[in-house]
Each structure stands twice: as C-alpha cells, then as structure tokens.
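The values are calculated or read from the model by the stated rules, or taken from the named source; none is laboratory data. Keep in mind that what you see is a predicted model, and the values were worked out from it rather than measured. Neighbour counts are summed over all protein chains in view; Cβ atoms, including those assigned to glycine, are modelled from backbone coordinates with ideal geometry. The protein model used for the area step is the full one, side chains on, heavy atoms only, and it has no ligands, DNA or RNA in it. Shrake-Rupley method; radii C 1.70, N 1.55, O 1.52, S 1.80 Å.
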Amino acid sequence: MWIELLILCVALFGLFYWYMTKDYNLWKNLGVPQDEPSFPWGSLMGEMVKQKRPMLEVLREQYQRFPDAPAYGGYVFHKPVLILRDPELVKTVLIRDFNTFVDRTGIDLQAQSKHASKLDQIWSHQLTMLQGEKWKAVRSTLSPIFTSGKMKVMFEFLNFVTTEFVDAIRAKVESQEAFELKDLCGRLTMDGISSCAFGVHAGSFKEDETMFVKQAKALFSNSFRSNFVMLIALFSGMTRVLGFFDISLNKPEPTRFFYNIVKSAIEARKKSGETRNDLVDLMIKCMKADAVLDEDPSEEGLEQFEKDAQLNFKGPKKQFDEVTVVANAMVMLLAGYDTTSNTLAWLFYEVTRNPDIQERLFQETERFEEPTYSDFTDMPYLECVVNEALRMYPQATAISRGANQDYVLPGVNIPIKKGNDIYVNLAGIHFDPKYYPNPETFNPDNFSAEAKASRHPYAFLTFGHGPRACIGMRFALLEMKMAVFHVIKNFELLPCAETPLNPEIDPKGGFVSSKHPLLIKATSRQ
C-alpha cells in the first residue's frame with residue numbers, strides 16, 4: 001500500500017516536473033539568448049514569490065547580462081516570455097503592431113474570470129484586466145475625464161489639498177520634528193484622488209491614519225498568503241478551483257471597503273443631482289443608454305506618444321453595468337494613491353540630498369506667485385526633476401503585452417506564438433548608461449531638451465506608450481508638480497540624523513517603495 005502510494009507520488013511529481021520544464025530550452029533552440037530558468041519558478045518569479053529581492057533589481061541585473069542582445073528569453077514559471085531591451089522593438093510592439101498586442105497578457109482573463117470568486121469578478125472589469133473590444137469601449141469612454149479641460153477643473157480641488165499638505169509640513173517645522181515622506185505624500189495623494197474623482201474629502205491630514213489609507217496600504221501590501229494564492233492561480237484550471245471555494249486573489253476586506261465607498265458616492269450623486277465634472281459624473285453618464293464621448297481625445301496638448309496610435313473607437317452606445325463602472329472607479333482611486341505617493345517620496349528624498357538641485361528648483365518657483373494651471377506647463381526644470389524621479393524609481397518595472405495571433409518580431413525574426421507574452425524591461429532601459437549617463441545618480445538634466453533629443457524617445461517608459469499608456473498620466477503629473485512647487489517655494493528640505501544614506505527598495509512592497517522610513521526635516525523660507 002505505502003509502496004504504491006510512494007510510486008504514485010513520484011510519478012505525479014515527475015509528470016509535474018516534465019510539464020513545468022518541457023519548454024525551458026525554447027529560446028535556446030530558436031537562437032535567442034535566455035536567462036536560465038530554475039524549477040519551478042522559471043527565470044522571473046522566484047525572487048518575487050520569495051520576497052527577498054525587488055523586481056527592480058532583478059530586471060536590471062537580467063538586462064545587464066545581455067548587453068548586445070535587442071531581446072532575450074525568459075520564463076514565468078513554465079510559460080516562455082520574450083523580454084525586450086531595444087527601444088525600437090518596444091515601439092514596434094506598443095505602437096506599430098498594437099493590433100497584435102492589444103491585451104496586457106495572452107491569457108484569456110475574461111474566460112478565467114467567469115469562474116473566479118465574487119470579489120475577483122469585480123476586479124476583472126477594470127481597465128488593466130479588460131481585453132479586446134471590451135477594453136476599447138471602457139478606455140474610450142473614460143478617456144475624457146483626463147483631458148486638459150477636465151484637468152483645469154481638478155486644478156482647483158488639488159490646490160486645496162496641496163495647501164493642507166504644506167500646512168502639515170509647516171506644523172512639523174514649527175515643532176522641529178522630522179517627518180516621514182511616504183506617509184505624508186500618501187495622505188496628499190489619497191486626498192487628491194478622492195476629492196478630484198469622487199467629491200469625497202478623505203481628511204487624511206486630520207487623523208493619524210484614516211480608514212482610506214489603512215485599507216489602501218492593505219491592498220498594496222504583499223503577504224505569503226497573497227503570493228501563494230497568486231502562484232496557484234497561474235496553473236491551468238486552478239482559477240476554477242479557487243472560485244469554487246470562493247477564495248479571492250485580491251484582498252477581500254479592502255476590496256469590499258472600496259467597492260462600498262465608490263458605490264455609495266455614485267448613489268449619493270445620482271440622488272442629489274449634484275454635478276462636479278469629475279469621475280463620478282462620468283460614471284453616472286456611462287450607466288445611461290445614450291452614453292457617448294463628449295471630448296475629442298486627440299485635442300491640442302495631448303502627449304505625442306498618445307497621438308502615435310489613437311484608438312479607432314467612438315465609444316459605447318449601450319449601458320455600462322454597475323460592476324464595470326465601480327471597478328474602474330476603484331482602480332483609478334487606488335492607482336492614483338500608491339504610485340504617485342511613492343514617486344513623490346523618492347523625489348523629495350533626492351532633492352533633500354542634492355541642495356544644488358533644490359536651489360535650482362527654488363529659483364524657478366520664484367518666477368510665480370500663485371501659479372495657474374497653464375503656468376505648470378512653463379516650468380521646465382520642475383518637469384525635469386519629476387521625470388528623473390519617474391526614471392529612477394519607476395512604479396511599474398516592466399510592461400507586458402500578449403500576442404493575439406502568431407507573430408514574428410521584425411528586425412530580429414523571433415517567432416511569438418499566439419497566447420504568449422512579450423515583456424519590456426523598463427527597469428533595465430531606465431538604467432542603461434547608453435541612454436542615461438551615470439544612471440545611478442539623480443540628475444534632472446537627463447530630461448533637458450538637448451538630452452531628450454539625443455536618445456531614443458522610447459527609452460523613457462514610466463507611463464507606457466500608445467493606446468494602453470497610463471490613462472491617469474496627466475493627473476499624476478499635475479498633482480506631483482503642484483506638490484513639489486509649493487513645498488520647495490515654502491521650505492528648504494534638509495537631511496537629519498534619521499535620514500537613510502542608502503535606502504533599499506522594499507522587496508515586499510507592491511510598487512517601488514523604500515524598505516526604510518524616508519525621514520527628513522525642513523525649515524521655512526519665509
């Protein structure tokens with residue numbers, strides 16, 4: 001009995017080992033250099049699952065191992081992926097052949113979501129998960145909320161939130177206390193997105209930690225449980241099993257919290273009839289049968305990389321269901337919180353460590369008393385500083401696209417099968433000295449007009465490129481520029497005894513955040 005059971009276990013393990021490793025020589029056989037995989041992680045997932053090293057470091061090291069290759073092969077567990085190093089190939093995938101790479105993955109997420117838990121089915125309706133025509137419909141409908149016309153309306157809301165941010169720092173100055181950047185910047189971005197998108201003032205600066213911030217932190221934190229469930233879900237048929245037992249890939253409590261927040265905001269607005277030209281208003285409009293676009297996404301001022309490949313889609317003529325509406329409102333709320341607050345925290349930390357950069361910023365702020373929305377397009381050095389923070393601390397370390405048909409990557413003649421993925425090694429490109437001299441050094445001059453003209457335009461990828469570029473890019477940039485302007489105009493940021501010299505990236509963070517508290521002090525300029 002025991003011998004038979006042992007033989008069965010060995011046979012099952014052998015079958016599993018064969019299944020996981022049978023394609024581990026695929027890239028070698030095609031003549032493509034590959035990062036050597038190890039069972040069962042492949043070449044990309046081991047460090048993330050073990051939470052010992054951040055993906056930013058893993059991808060940078062991989063990139064450096066293939067200095068002469070435009071692309072190299074890797075494996076996500078058993079699945080082959082092609083990883084791009086060459087910005088020209090990046091442009092081909094994200095722009096020129098976008099119709100082959102419409103989706104973020106070759107996995108049929110919509111088919112999988114039918115068997116997922118009830119909470120995961122909510123998340124399956126968000127922009128980053130939607131595919132094909134469903135994605136086009138939602139993206140085309142939501143795009144008007146982030147055009148420059150809407151940004152001018154949100155500018156006034158952000159002014160109020162930024163004033164509270166400055167007041168919070170002034171209180172620390174008066175008490176001569178050090179303050180932690182990620183915490184303070186998180187309060188700013190939470191209040192900013194909740195006010196501008198949903199008309200809800202979260203009041204983050206009035207309490208030690210609001211429920212908004214607490215639940216957002218919980219949603220973005222990694223744990224053994226979340227990584228283990230995510231690992232199981234990668235195997236064929238396991239989504240159905242998890243769904244049968246109603247086990248969620250996403251964290252249940254934060255999902256319920258934000259679902260109820262967004263749903264309540266929509267219901268209250270519909271009941272009161274109040275209009276603010278914000279995300280809630282657009283969501284309500286989407287639930288009407290005659291919803292159409294009210295702004296042209298090709299309007300003047302649209303970033304060039306968005307113009308490169310516009311969606312040929314006029315918007316849905318049918319009613320959006322409530323789950324789709326709420327899911328996309330949720331993801332905008334949460335995406336606007338953690339990514340922007342992390343970037344701002346790193347930016348202020350680097351400016352504190354570089355007084356010459358801080359002085360140049362201050363001199364630029366002296367040109368303006370009370371800047372208007374259009375004034376923020378006339379601050380070239382501020383833009384350079386923001387972009388350099390986005391380069392050094394990209395909140396997405398890779399960009400993924402899935403092939404919806406068999407494809408041969410032009411120029412290198414590498415075949416990609418339908419359903420397989422291509423990754424862009426964003427972290428590696430951002431630290432390539434070919435594009436950014438001394439890439440480990442924080443240098444805003446990397447984004448001077450001369451520097452940008454000298455390198456490939458697709459060597460800066462923080463917001464992505466093409467139709468699936470970050471929909472909230474304009475909002476994030478405006479919020480960061482306003483925060484930096486008002487802080488530098490009012491305060492001199494200074495290192496203190498608690499300021500870390502060489503902070504590490506947190507391997508357990510959902511994004512690129514510091515493992516150590518980023519503590520600094522400030523003195524008033526007035």
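One residue stands out in segment 1-41 among those that are open to solvent by less than 80 Å² (accessible area, probe 1.4 Å) and of a type in the set (Val, Ile, Thr): the one that is nearest to Leu82 (Cα to Cα), namely Val32. The residue that is farthest from Leu519 (Cα to Cα), among those in segment 158-181 that are in a helix (DSSP H, G or I) and open to solvent by 50 Å² or more (accessible area, probe 1.4 Å), is Phe160. Please name all residue pairs, on different chains or six or more residues apart, with Cβ atoms under 9 Å, provided the first residue is in segment 183-209 and is at positive phi and the second residue is modelled with pLDDT under 90 and small (Gly, Ala, Ser). Every condition considered, the pairs that remain are Gly199/Ala265; Gly199/Ala268.
Does Lys508 fit the bill of being open to solvent by 40 Å² or more (accessible area, probe 1.4 Å) and farther than 14 Å from Val173 by Cβ? Yes; evaluated as a whole, the condition is true for this residue. Does segment 242-252 contain at least one residue that is modelled with pLDDT of 75 or more, surrounded by fewer than 21 Cβ atoms within 10 Å (Cβ to Cβ) and on the phi < 0 side of the Ramachandran plot? Yes, the conditions are met somewhere in segment 242-252. Figure legend. Inter-residue proximity from segment 1-19: first residues in a helix (DSSP H, G or I), second residues not β-branched (Val, Ile, Thr), beta-carbon distance below 7 Å, spacing 6+ or different chains. Indicated pairs: Tyr17/Phe39; Tyr19/His78.
The set of residues from segment 51-78 being under 22 Å from Tyr19 (Cα atoms) and either within 21 Å of the chain's Cα centre (by Cα) or without any contact (Cβ under 8 Å) to a residue 12 or more places away in the chain (or both) comprises just one member, Val76.
Residues in segment 64-76 that are of a type outside the set (Lys, Arg) and open to solvent by 10 Å² or more (accessible area, probe 1.4 Å): Gln64, Phe66, Pro67, Asp68, Ala69, Pro70, Val76.
Matching residues to (1) in a helix (DSSP H, G or I); (2) surrounded by fewer than 23 Cβ atoms within 10 Å (Cβ to Cβ); (3) modelled with pLDDT under 95; (4) of a type in the set (Asp, Glu):
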| position | (1), (2), (3), (4) |
| --- | --- |
| Glu359 | yes, yes, no, yes |
| Glu364 | yes, yes, no, yes |
| Glu369 | no, yes, yes, yes |
| Tyr381 | yes, yes, no, no |
| Ala396 | no, yes, yes, no |
| Arg401 | no, no, no, no |
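For segment 468-492, what are the residues that are in contact with a Leu (Cβ under 8 Å, 6 or more places away or on another chain) and charged (D, E, K, R)? Arg468, Glu479, Lys481, listed by residue number.
Checked against (1) buried (at least 20 other Cβ atoms within 10 Å of the Cβ); (2) within 16 Å of the chain's Cα centre (by Cα); (3) small (Gly, Ala, Ser), Ala483 passes all but a single condition, namely (2).
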